[in-house]
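Chemist: Take a look at this one; I'll ask things after.
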Amino acid sequence: MVLGHSQGCHISVQYTMTKTARLIAHSIVAVFFGSAMTLAHADVVKKVQKKSGRARAVAVADYGKDGGPNLLSHAAFVFDQETGQALYAKNADNALPIASITKLMTSMVVLDARLNLDEAVVIDRADIDLLKGSKSRLPVGTAFRREDLMRLALMASDNRAAAALGRTYPGGTGAFVEAMNAKAKLLGLSNAQFVDPTGLAPGNVASPQDLAMMVSAASAYPEIREFSTAPALRVTLPTSSRQIGFVNTNALVRTGGWTIGLSKTGYINEAGKCLVMQAIIASRPVVIVLMDSWGKFTRIGDANRIKKWIESGKVAALPVKTSSPS
């Protein structure tokens with residue numbers, strides 16, 4: 001599918017449409033916490049062993065002793081988007097760097113401003129990442145539709161695309177960041193702070209509960225749902241007949257087995273591996289937030305453990321906690 005042309009550049013996209021859920025009310029109630037490990041129902045995650053340079057299978061319990069999911073991410077939050085009932089919390093009030101999860105807020109601010117999504121935006125040298133040195137395959141001087149840059153920022157997490165979206169906002173990047181923080185305040189994200197549109201700066205912070213509310217708000221935007229769950233896309237640049245392929249940074253979107261309505265990954269050293277999703281699990285709309293996961297596969301393993309836990313019907317058996325653990 002050809003989505004648009006801009007100075008000879010066009011983007012072809014493959015995507016699957018998934019179910020989406022109703023927007024949650026922003027009051028988050030009681031939380032649950034799953035803790036100690038047990039080796040019952042163990043599955044396998046991959047952990048890279050730096051000494052040997054080889055991946056080793058590590059047995060990880062599916063459930064803790066209290067029947068909750070045994071998550072290895074440092075912080076997490078899970079709730080039913082329809083009822084607003086919190087299902088699981090781990091360090092849920094702690095403000096942490098959120099990396100490219102930031103791009104969900106970036107996209108909401110662009111859409112709220114009702115900027116022309118068909119307008120050509122030229123990639124500028126100012127969009128190059130000088131903070132972390134991350135790479136982009138979007139050449140300086142090449143024009144893309146604003147919509148296509150949003151698509152690249154959400155599904156492929158392209159930092160140059162996100163930077164260009166912020167730079168071309170009325171008033172420039174500074175005004176854009178102000179709008180991001182104003183939106184966070186409007187949504188009631190009490191621990192959130194934004195300093196750039198890409199998430200490269202560790203000063204972009206939020207708690208897992210904040211991100212759960214942000215995901216719920218973002219799921220009300222059809223463009224964000226569609227763009228963030230596209231499995232793959234191909235870009236043809238005007239300077240070359242060769243197509244450049246991009247894939248969704250969330251492997252769960254690409255491999256199937258899930259009904260995902262919204263997805264975003266993130267990573268910088270300060271944040272660790274992060275993943276947020278809105279998905280339908282056991283016929284209920286669920287928001288999942290996983291922050292500061294270790295290793296390459298932990299956030300995927302944790303998401304699958306949450307899915308298995310909800311499908312098992314063990315959720316109702318968990319005791320209610322009034323606050324998240326430290």
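Each value in this text was obtained by applying a stated rule to the coordinates, not by laboratory testing. Since the structure is predicted, the reported quantities are computational estimates derived from the model, not experimental observations. Every residue, glycine among them, receives a Cβ derived from its backbone with ideal geometry; neighbour counts consider all protein chains shown.
Chemist: Checking the table 65/296; 103/135; 264/307; 90/264; 185/307; 90/308 against a 23 Å threshold on Cα-Cα, which pairs fail? Intermediate values should be presented prior to the final figure.
Modeler: Working: 65/296 26 Å; 103/135 17 Å; 264/307 17 Å; 90/264 20 Å; 185/307 31 Å; 90/308 18 Å.
As for pairs spanning more than 23 Å Cα to Cα, those are 65/296; 185/307.
Chemist: Could you check the spin-label model distance between residue 114 and residue 132? Points 7 Å from the Cα along Cα→Cβ, value in nm.
Modeler: The modelled label-to-label distance comes out at 3.4 nm.
Chemist: Non-local amide H neighbours of residue 262 (under 5 Å, H modeled in plane, Pro and chain starts lacking H): which ones?
Modeler: 278
Chemist: Positive end of the charge dipole of region 179-326 (Lys, Arg +1 and Asp, Glu -1 on Cβ, about the Cα centre): tell me which of 289, 232, 255 has its Cα farthest that way.
Modeler: So the residue we want is 255.
Chemist: May I pose another question? Which three lengths, in whole Å and largest first, does region 233-283 cover when its Cα atoms are put on their principal axes?
Modeler: 46, 32, 14
Chemist: Turning to a different aspect of this structure: Tell me, what ³J(HN,Hα) does each residue in region 222-228 have, in order and in whole Hz, if you take phi through Karplus 6.51 cos²θ - 1.76 cosθ + 1.60 with θ = phi - 60° and put x for Gly and Pro?
Modeler: With the stated coefficients, region 222-228 comes to x, 5, 5, 4, 5, 5, 6 Hz.
Chemist: Using label points projected 7 Å from each Cα along Cα→Cβ, tell me how many nm separate residue 65 and residue 140, to one decimal.
Modeler: Rounded to a tenth, the inter-label distance reads 5.8 nm.
Chemist: How do 169-179, 64-74, 209-219 rank on mean C-beta neighbours within 10 Å, highest first? Mind showing how you got there, number by number?
Modeler: On the way: 169-179: 15.9, 64-74: 20.8, 209-219: 26.1.
Order by mean packing, descending: 209-219, 64-74, 169-179.
Chemist: Report, as a whole number in µm² per second, the diffusion coefficient that Stokes-Einstein gives for region 262-301 at 10 °C and 1.306 mPa s using the Kirkwood radius over alpha carbon pairs. Before the final figure, lay out each step's value.
Modeler: Working: Rh = 10.7 Å.
Reported coefficient: 148 µm²/s.
Chemist: If I model a spin label as a point 7 Å beyond the Cα along the Cα-Cβ vector, how far apart are those points for residue 312 and residue 282 in nm?
Modeler: 1.0
Chemist: Tell me, what HN-Hα J-couplings in whole Hz come from the Karplus equation 6.51 cos²θ - 1.76 cosθ + 1.60 at θ = phi - 60° for each residue of region 157-166, using x for Gly and Pro?
Modeler: 6, 6, 6, 5, 5, 5, 4, 5, 4, x
Chemist: Convert each backbone phi in region 136-152 into a coupling constant with the Karplus relation 6.51 cos²θ - 1.76 cosθ + 1.60 (shift: θ = phi - 60°), then list the ³J(HN,Hα) values in order as whole Hz, x for Gly and Pro.
Modeler: 3J(HN,Hα) across region 136-152, in whole Hz: 9, 9, 9, x, 4, x, 8, 9, 9, 5, 4, 4, 5, 5, 5, 4, 5.
Chemist: Treating only the Cβ of Lys, Arg, Asp and Glu as charged (+1, +1, -1, -1), what charge dipole size does region 62-114 show about its Cα centre? Round to the nearest 20 debye.
Modeler: Once rounded to the nearest 20, the dipole reads 220 debye.
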